[in-house]
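The values are calculated or read from the model by the stated rules, or taken from the named source; none is laboratory data. Keep in mind it's a predicted model, so treat the numbers as computed, not measured. Virtual Cβ from ideal backbone geometry, glycine too; neighbours counted across all protein chains shown. Each accessible area value is taken on the protein alone, full model and side chains, heavy atoms only, with ligands, DNA and RNA left out. Shrake-Rupley method; radii C 1.70, N 1.55, O 1.52, S 1.80 Å.
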Amino acid sequence: MPPDHPLAAKSVVVAQDLADQIYISYSDIPEKGHEYDSFLKPAQVTYRKMLKVELTEAIVELVIGGFGISILSKWAVSPYLRSGALVAAKISRNGLFVDWHAVVRKSEPGDSPAWRMAQALKQWCESDQQAFDLDVPLSTAVSA
């Protein structure tokens with residue numbers, strides 16, 4: 001959210017805080033395991049209005065401009081947080097997490113593009129554990 005937003009002083013935002021907000025999201029379809037399913041639905045809360053914007057940079061610019069708020073991955077907005085253009089609050093006391101998975105066939109050669117991509121994503125996530133709020137290293141389940 002922008003630094004002058006009424007919720008900006010909160011370190012933790014609860015679902016009820018979003019009831020009177022304009023919410024900007026990638027999708028207007030509630031996806032299993034994402035913010036609506038994991039955060040809003042259990043609290044029986046919906047936002048005042050929803051804007052569907054399918055590009056992270058556009059969401060960020062709309063939020064900076066004060067057109068609404070969004071729930072985005074910390075790593076995706078970390079440059080804006082560092083610059084002060086945006087401020088962040090934890091989503092609920094425990095946070096909101098979305099699991100990512102990379103699945104590669106066992107028959108896939110170890111030097112294939114799919115394996116290299118899975119390894120690159122793992123290394124990228126491990127390289128900035130602060131941005132991902134990781135307390136423990138990522139799973140090393142990537143194997144042949």
Which lysines have a Cα less than 16 Å from the Cα of residue 90, not counting those fewer than 8 places away in the same chain? 10, 74
Size-normalised alpha-carbon gyration radius of the chain, reference 2.2 N^0.38 Å: 1.18
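Quote the charge dipole size of segment 1-41 about the Cα centre in Debye, to the nearest 20; the model charges only the Cβ of Lys and Arg (+1) and of Asp and Glu (-1). Please list the in-between numbers first.
Working: 3 positive and 7 negative charges, 25 e Å.
For segment 1-41, the charge dipole is close to 120 debye.
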The answer for the per residue Cα convex hull volume of segment 23-65, in Å³, is 74 Å³
Just to confirm a number: summing +1 for Lys and Arg and -1 for Asp and Glu over residues other than residue 64 whose beta-carbon lies under 12 angstrom from that of residue 64, what do you get? -3
Report, in degrees rounded to the nearest 10, the 0 to 90 angle that the Cα long axis of helix 113-127 makes with the longest principal axis of the chain. 50 degrees
What lysines could a cross-link reach from residue 49, if we take a straight Cα to Cα line under 19 Å and drop same-chain neighbours fewer than 8 places away? 41
Can you list the residues, at least 5 places off or on another chain, whose amide H is less than 5 Å from the amide H of residue 90, using H built in the peptide plane? 12, 13
Mean accessible surface per residue for the chain, computed with a 1.4 Å probe while every protein chain stays in place, in Å²: 67 Å²
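If you take the C-alpha gyration tensor of segment 60-121, multiply each eigenvalue by 5 and take the square root, what semi-axes do you get, largest first, in whole Å? Please report the intermediate quantities before stating the final value.
Working: eigenvalues 235, 42, 19 Å².
The three semi-axes for segment 60-121 are 34, 14, 10 Å.
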In percent, how large is the relative contact order of the chain, given Cα pairs closer than 8 Å and 6 or more residues apart? 27 percent
